[in-house]
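What follows is a set of notes on a single structure, which appears directly below.
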Number of protein chains: 2
Amino acid sequence: MRITTQGDYALKCILRIAADGPRGPVAISRIVEKEGLPLDYLEQLLLKLRRRRLIKSVRGVKGGYLLNAPAASISVAQVLEAVEGDVFELICGRKRKSGKSCKGSQGCVLKDVWKNLKKKIETYLDSVGLDELLKRSRCIHEKGRGPR
Amino acid sequence: MRITTQGDYALKCILRIAADGPRGPVAISRIVEKEGLPLDYLEQLLLKLRRRRLIKSVRGVKGGYLLNAPAASISVAQVLEAVEGDVFELICGRKRKSGKSCKGSQGCVLKDVWKNLKKKIETYLDSVGLDELLKRSRCIHEKGRGPR
DNA sequence: ATATACCCGACGTTTTTTGTCAAGATTTTA
DNA sequence: TAAAATCTTGACAAAAAACGTCGGGTATAT
């Protein structure tokens with residue numbers, strides 16, 4: 001398994017896009033400004049998100065990114081998978097120098113453990129939608145500016 | 001989060017120790033023979049397991065390793081933590097070049113996601129004991145040699 | 001046209017993981 | 001006591017992964 005800054009960055013990006021999207025395409029520069037992350041790196045992540053059709057892009061002046069589906073229908077799991085690949089690569093599957101990739105005497109009881117773990121992780125991450133995060137984040141920030 | 005071959009190797013080692021321990025200390029060479037893993041590397045992992053007091057060692061001829069507690073009281077989580085450190089290091093905690101480690105506009109709704117995920121992972125991994133794995137593995141292997 | 005902004009592949013650096021080595025300490029056994 | 005087996009430990013080397021940067025390209029609004 002592997003959850004790295006990529007996943008964290010990607011989520012921050014897409015959350016910002018979800019938050020500001022209603023007011024038009026969100027440029028990378030805007031995300032950088034708000035989140036303080038390396039622009040060139042984000043470019044790559046956003047590319048991946050687009051290829052997975054989680055976001056769409058608008059080129060040219062005034063361009064930027066927009067969600068490609070309602071926030072509620074995009075889950076944290078989807079975002080992570082888009083940028084990190086399979087969120088939990090089964091360890092048993094890895095190639096090792098020694099070759100014989102799972103021939104240990106334990107047969108592969110461990111494989112079951114990893115498989116179950118993967119399942120639990122995916123279930124949880126899939127249950128958290130961007131809409132939920134957005135709501136919570138608005139709750140936290142709540143500038144003075146009252147409800148409109 | 002980070003689960004690598006270290007964790008997998010360490011589990012294989014300790015399972016073998018659990019399996020063969022009853023017949024006396026289990027030498028690294030025996031583990032290598034059975035599991036086909038790099039000896040010098042295992043040495044390091046076993047050291048970590050020992051320091052965490054999950055196993056104990058016997059030096060000299062006929063020496064080797066033994067569980068330091070009943071298999072039932074050692075969980076997969078304990079083994080992984082021993083060799084990989086915190087099984088799920090909160091991403092928000094990491095230092096980044098840019099400094100300000102979590103100042104993004106999302107405050108840190110994400111922190112909650114990671115925290116919950118961590119909890120779920122730990123709960124599961126902590127619920128799986130070595131005894132259980134051992135039982136399953138015996139079930140799978142079941143040589144002709146009848147009971148007892 | 002020009003400025004803005006996405007597109008995308010290639011590259012370089014750093015960090016982590018994986019693996020190896022060598023010298024030492026302990027214990028059994030002959 | 002000498003030899004052999006076996007753990008102990010730190011240092012080092014190699015490989016892989018993650019992180020970040022760059023430069024040239026394409027599309028679009030003004």
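The values are calculated or read from the model by the stated rules, or taken from the named source; none is laboratory data. Model, not experiment: these values are computed from the prediction. Cβ sites come from the backbone with ideal geometry, for glycine too, and all protein chains shown count toward neighbours. Note: areas computed on protein heavy atoms with side chains; ligands, DNA, RNA excluded. Shrake-Rupley method; radii C 1.70, N 1.55, O 1.52, S 1.80 Å.
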Looking at the stretch B:24-57, which of its residues are aliphatic (A, V, I, L, M) and within 14 Å of DNA strand C (Cβ to nearest atom)?
-> B:Ala27, B:Ile28, B:Ile31, B:Val32, B:Leu37, B:Leu39, B:Leu42, B:Leu45, B:Leu46, B:Leu47
Helices (runs of 4 or more DSSP H) wholly inside the stretch B:1-96 containing at least 1 residues that are touching a residue at least 60 places away in the same chain (Cβ under 8 Å) | B:5-20, B:76-84
Which residue, of A:Arg51, A:Arg2, is at pLDDT 95 or above and either of a type in the set (Lys, Arg) or open to solvent by 70 Å² or more (accessible area, probe 1.4 Å) (or both)?
-> A:Arg51
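Per-residue answers, yes or no, for (1) surrounded by 14 or more Cβ atoms within 10 Å (Cβ to Cβ); (2) within 15 Å of DNA strand D (Cβ to nearest atom); (3) within 14 Å of another protein chain (Cβ to nearest Cβ):
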site: A:Ala10; (1), (2), (3): yes, yes, yes
site: A:Ala19; (1), (2), (3): yes, no, yes
site: A:Arg23; (1), (2), (3): no, yes, no
site: A:Glu35; (1), (2), (3): yes, yes, yes
site: A:Leu39; (1), (2), (3): no, yes, yes
